[in-house]
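The structure under discussion appears below in the form of structure tokens.
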Amino acid sequence: MQGRTTFLLITTLIISLFLCVVLAQHQDEPQLVTIRYAPITIVIHGGTIVTHDLEFKGTVVIKDGKIVNVLHDDQSYDHILKQEEKEDRQVRLIDASNRYVMPGGIDPHVHLALKFMGTISKDDFYHGTRAALAGGTTMIMDFAIPAKGETYLDIVNEYKRRGEKLACADYSFHVGITGFNENTAQQMKELVENHGINSFKFFMAYKGVFQVNDEELYNGFKTAMSIGAISQVHAENGDLVVKGQTRLFNEFNITGPEGHPQSRPSNVEAEAVRRASEIAYSVGNAPLYIVHVMSKEAMEEVAHAKAKGYRIVGEPIAAGLSLDDSVYYKGSWMDRARFVMSPPIRGIEDQKALIAGLKNRILDLTGTDHCTFDSEQKKMGLGDFRKIPNGVNGLEDRMSVLFDKLVASGELSPSDFVRVTSTEAAQIFNIYPQKGAIQVGSDADIIILNPNATRIISAKTHHQNIDYNVYEGRQVTGVVEVTISNGKVVWENGQLNVEAGSGRFIPNKPFGKMFRGLQREQETKAPIKV
Ligand SMILES: [Zn+2]
């Protein structure tokens, strides 16, 4: 009898312990809710509709997640209201007077819950996409990068599962290629043909982790080109980075965050851009996308390649376009460590050059490289700048920071702003005009931006899952007042109304804009046989 009681007690204990663990695990997770569109028609009227090529006063009508009508100002929308009434649908009128009605932002460069430098970045698919929507970005593109032992297909499936469960906004993926062997080409082909991938990223830095050599780049670019996929590079000479770090640390005894930018100066970045572009050209003018162009010198290599007819695009990021390297030299250790990212934030002259480059189409589109580590995680590099987790925030604030820096300053027009924050990404990754457009049939991912309103960026009010913000205290002109994602108002009056799992995976089709004419070009430039 005694034994039976003890057995029951132990069993109960084990079961309750198990339940505790399960409950504890679930407590932190957002509720999974199936999204159902209420039969509501949204009519946005009175605003200025801005697309990448036009600006006009008009009305946008949204139904069941799609844009169903775009009317110019001289056309009345009364007939739409009557029709909806007949069909027993509710109509929600949104007055956008004195505001811009724009396609939602697309951030082509984010890392959510990235396993990196011995830790995991803080914003996962839930927190990241939520923050994105609060700032007017309605689609993100993340990088699925396999850990040792994982296949490329494994990691893509894993990322899709995460998105399905947690994402509040639409998403797609680039795949990080961390080596090239006999199986790699087959896996890349499989991903393009059957899994909605049309871009592969190669790291020229992070030696011993992700870094690939020139031969691997050549083989990777060649494979990608043959299947209609874009090659992307993190352009920094990883060998020189390690040498620079060792020199600063050992010879100059520099251990703090200021060692980070000084160990990987602009020439280390520019050399890699040049090398990647020459390798891509040697392959047969393979489409090449340089992520996070941070310096004037690297941008000049992009310009140089463009001038030679290379199929290359350059992506500056919000941090590079709006911050400068003084952040590494003032304040406490933590104040400086928060800005550690690679390539590092450069000087004010670089910032001005990047803005000019974007204005004159030497650079093409903007991302953020959003990859957040909180203060506790940044402390991993106390005493050794090489161990500070690399990454800054940006996903939530990109639209405001860039509107302020580029449009409110008069450098770019509102249409250019739409192009560099949304349309160009949609076109390059071949999802236009489903995304990046205000057209009949496009997804209803729309923002209403007040160009005259201001706000002050702060960690106290942001939605990102970290305890600081690299734009803390900055006043920006240009505020996203309403965000509509897949036809649903998800952000208004400073309030979010999002559901985990409501975001969808958007497959990226191969042979997009960067491939136009390529086959013919290769035929005309084929080697001569005598
Ligand atoms: Zn990145």
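Odds and ends about this structure:
- For TYR281, the shell of other residues with beta-carbons less than 14 Å away shows a net charge of +3, using +1 for Lys and Arg and -1 for Asp and Glu.
- With Cα atoms as the point set, the radius of gyration and Dmax of the chain evaluate to 24.2, 98 Å.
- Residue-span extension gain [ASP324 to GLN75] - 0.36 nm each, minus C-alpha spacing: 84.9 nm
- Candidates ALA444, LEU518, ALA303 compared by Cα position along the dipole of the chain: farthest toward the positive end lies LEU518, with charges placed on Cβ.
- Gain upon complete extension [LYS509, GLU158; 0.36 nm per residue less C-alpha separation]: 124.3 nm
- Antiparallel DSSP beta bridges within the chain, percent to nearest 5: 45
- Scalar couplings 3J(HN,Hα) for region 180-187, obtained by applying the Karplus form with A = 6.51, B = -1.76, C = 1.60 to θ = phi - 60°, are 9, 10, 4, 8, 4, 4, 4, 5 Hz; x denotes Gly and Pro.
- Extension gain, ASN213 back to GLU278 (0.36 nm per residue minus Cα-Cα distance, nm): 22.0 nm
- Cβ-to-Cβ counts within 10 Å put ILE197, ILE348 in ascending order as ILE348, ILE197, the fewest first.
- Structure note, pairs LYS148/LYS378; LYS160/LYS509; LYS160/LYS460; LYS189/LYS488: Cα-Cα distances above 27 angstrom occur for LYS160/LYS460; LYS189/LYS488.
- Residues in region 102-110 carry Karplus couplings, in order, of 10, x, x, x, 10, 9, x, 9, 9 Hz; the curve used is 6.51 cos²θ - 1.76 cosθ + 1.60 with θ = phi - 60°, and Gly or Pro positions show x.
- Taking only the Cα atoms of region 98-210, the ratio Rg/Rh comes out at 1.01, with Rh defined as the Kirkwood radius.
- Span from the region 450-512 Cα centroid across to the region 268-322 one, whole angstrom: 29
- For region 142-163 and region 342-395, distance of Cα centres in Å: 24
- Using the Cβ-Cβ distance between ASN183 and GLU472 with R0 set to 51 Å, the FRET efficiency works out to roughly 0.65.
Where a number appears in this text, it was derived from the coordinates with a stated rule and is not lab data. Computed from a prediction, not measured in an experiment: that's the story for all the values here. When we count neighbours, we look across all protein chains shown, and the Cβ atoms used for this are built from the backbone with ideal geometry, even at glycine.
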